[in-house]
Amino acid sequence: MANRQKTVYCCTDCGYETANWAGKCPSCGAWNTLTEVRLERDSGGKSTGRVRAGLGVSPKRLEELDLSEEIRFSTGISEFDRVLGGGAVVGSLVLVGGAPGIGKSTLLLQMCASAGISKRVLYVTGEESERQLKLRANRLGVAGGEIFVLPETDLDSILANIDALKPDIVIVDSIQTMSDSGVASAPGSITQVRECTMRIMRLTKEKGLTVFVVGHINKEGSIAGPKVLEHMVDCVLYFEGERSTSFRILRAAKNRFGSTNEIGVFEMADHGLRCVENPSEMLLSGRPENSPGTCVACVIEGTRPILAEVQALVTPSAYNAARRSNGVDYNRAAMLLAVLEKRGGLSVSGCDAYINVIGGLTLEEPAADLATALSIASSYLDRPLGSDLAALGEIGLSGEIRSVSALNQRLSEIARLGFRRCVIPAHGRDDVKAPEGLKLIAVRNIGEAIASVLSRE
Ligand code: TYD
Ligand code: MG
């Protein structure tokens, strides 16, 4: 098997691999993206992940496996620990993906500050010079400790340096700049990215390192060769947010050592990222008082309830009605407008409707339906809902308000943030205990909801 040359064709868009060339990628359907890739190394094929027979590994009984192997340590950044499932795991490779400029390098350098006190850290940078990194470190207040910096892109040299320095934590910034001289394609190409990740992964497991690899997201929103990278690494985190706002969310897309529905919330400030322990407070700050077209929803992100403000602007349109939604799924918004028209008695079909969720948050849960619909209705009727009101409930096609999960948890968060009234689904009302100071308004359908909070007295 040793040095057998093998040629495969790899799609530059999605990373799909095939033995035969084709004009169109069978996986993603893109044209002319299959490029010839020579797998020169023995390590190049799909078999690389396997443990070599020569290492003498034999099967063990499940009961015999040692649990104590999963050792975690804190990164010193509470929100980062939360997303990792309670800290970083020794012997794991974490891929941190995100659009350029979102704050990946900042997050990892900040982590060095606290991790560098008790551990030896090697920061491999292929993007910035030593000087740039030092300037950034100064700005972030990262100093002292066992932090080493290596401006290098050649993988062999990096691996040799890891061997010599024996760090506990390695940061590779970014995988797209790294290249393995044994592979003939350019840095950033699927083959290079996959090959480098594979070799780093092997070293991680062999030496029990904790490695963080930065991956830039391309314009389609995926890390170059997402399919090939995601299955290889232990944990995939995406750093999201809009560059125009300071709000950033770290989300786990895959985690072999924890749950994937936990999120970390950060704010980008002058001196780096700041953990936001109370995202609701931040998202609701600066809310307009008593203006029409705004309502507060509560969604569960991971295990945390988060309050978000949904705003709507509905104006009569002389032409074809336009619909724009930001933070709420477009089809969901269109459905809510249709329900309001047919079941809520509001003629919104001839209106332009703009919907926006403040803070760049995306509301994926149907539990936010009622708040969205009420903010549309409030804008249409030009009557404010009042800034002390929140709404929870999924809306069905016949206008019925359906129950939501974890209602008590959401209600206590709503009450904690000082809201006085909350519209909830009538179904299952008896099982709900109202938190102190919060008046519950149970409704069965959208018509009742509008009548109870938007009617003129
Ligand atoms: P960076 O970590 O370089 O992004 P990435 O590695 O994901 O490409 O973040 C760069 C952005 O963060 C840049 O636009 C400036 C901003 N920033 C701050 O606002 N405050 C800071 O203290 C730092 C270091 C960066
Ligand atoms: Mg960077």
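The values are calculated or read from the model by the stated rules, or taken from the named source; none is laboratory data. Note that the structure is predicted; figures quoted are calculated from it, not measured. Here Cβ is always computed from backbone atoms with ideal geometry, including for glycine, and neighbour counts include all displayed protein chains. Just the protein is used for accessible areas: all its heavy atoms, side chains included, with ligands, DNA and RNA removed. Shrake-Rupley method; radii C 1.70, N 1.55, O 1.52, S 1.80 Å.
Hey, got the dipole for the chain? About the Cα centre, +1 on K and R Cβ, -1 on D and E Cβ, debye to the nearest 20?
Its charge dipole is roughly 420 debye.
Taking a 1.4 Å probe, which of Glu128, Glu36 shows the most accessible area, and what order do the others take after it?
Descending accessible area places them as Glu36, Glu128.
Among Lys119/Lys207; Lys342/Lys439; Lys119/Lys254, which pairs are too far apart, with a Cα-Cα distance over 20 Å?
From Lys119/Lys207; Lys342/Lys439; Lys119/Lys254, over 20 Å: Lys342/Lys439; Lys119/Lys254.
Please compute the Kirkwood hydrodynamic radius over region 56-164, one decimal place, Å, based on all pairs of different Cα atoms.
16.0
Work out, step by step, the length gained on full extension between Thr362 and Arg287: first 0.36 nm times the residue separation, then minus their alpha carbon distance; give nm to one decimal.
25.2 nm
Can you give me the accessible area per residue for the chain, using a 1.4 Å probe, in Å²?
Per-residue accessible area for the chain comes out at 47 Å².
In region 282-453, if every C-alpha pair distance is counted and binned at 10 Å from zero, what percent goes to each bin?
Calculated P(r), rounded to whole percents: 11, 44, 36, 8, 1.
Which order do Phe257, Phe212 take when ranked by solvent-accessible area (1.4 Å probe, heavy atoms of all protein chains), largest first?
Final ranking, largest accessible area leading: Phe257, Phe212.
With a 1.4 Å probe and every protein chain left in place, tell me how much accessible area Lys207 has, in Å² to the nearest 10.
Rounded to the nearest 10, the figure is 100 Å².
Take each uninterrupted DSSP H stretch in the chain, measure its Cα extent along the helix axis, and return the ones at 20 Å or beyond whose mean Kyte-Doolittle hydropathy is at least 0.0.
What comes out of the filter, once short or polar helices are dropped, is 104-118.
Go through region 59-99 and name the GluC sites (Glu not before Pro) that are in a DSSP coil and have 12 or fewer other Cβ atoms within 10 Å of their Cβ.
Glu70
Run the Debye formula on the Cα coordinates of region 72-277, all scatterers equal and no solvent, and tell me log10 I(q)/I(0) at q = 0.09, 0.11, 0.14, 0.18 1/Å.
The calculated log intensity ratios at q = 0.09, 0.11, 0.14, 0.18 Å⁻¹ are -0.29, -0.45, -0.76, -1.37.
Under a point-charge model restricted to the Cβ atoms of Lys and Arg (+1) and Asp and Glu (-1), what is the dipole moment magnitude of region 72-277 relative to its Cα centre, in debye to the nearest 20?
The calculation lands at about 240 debye.
Based on alpha-carbon atoms only, what is the radius of gyration of region 225-295 relative to the globular estimate 2.2 N^0.38 Å?
Computed over Cα atoms of region 225-295, the ratio equals 1.45.
Kindly provide the Kirkwood hydrodynamic radius of region 408-457 in Å, to one decimal, from all pairs of distinct alpha carbon atoms.
Across region 408-457, the inverse of the average 1/r is 11.5 Å.
Calculate the FRET efficiency for Asn32 and Asn320 from the Cβ-Cβ distance with a Förster distance of 30 Å, rounded to the nearest 0.05.
E(calc), rounded to 0.05, equals 0.20.
Might you report the magnitude of the Cβ-based charge dipole of region 282-453 about its Cα centre, with Lys and Arg at +1 and Asp and Glu at -1, to the nearest 20 debye?
Computed charge dipole of region 282-453: roughly 180 debye.
For Asp156, tell me the accessible area in Å² from a 1.4 Å probe, rounded to the nearest 10.
Accessible surface of Asp156 is approximately 60 Å².
Give me the accessible area of Met201, 1.4 Å probe, in Å² rounded to the nearest 10.
Surface open to solvent at Met201 totals about 20 Å².
Give the ranking of Tyr123, Tyr9, Tyr380, Tyr319 by solvent-accessible surface, highest area first, calculated with a 1.4 Å probe.
My answer, sorted largest first, is Tyr319, Tyr380, Tyr9, Tyr123.
Looking at region 282-453, what % of its DSSP beta bridges pair antiparallel, to the nearest 5?
Close to 55 percent.
How far, in nm, would the chain grow between Arg243 and Ile71 when pulled straight, counting 0.36 nm per residue and subtracting the alpha carbon separation?
Fully extending the segment from Arg243 to Ile71 adds 58.4 nm.
First obtain the Kirkwood hydrodynamic radius of the chain from its Cα pairs, then insert it into the Stokes-Einstein equation at 37 °C and 0.692 mPa s, and state the resulting D in µm² per second as a whole number.
132
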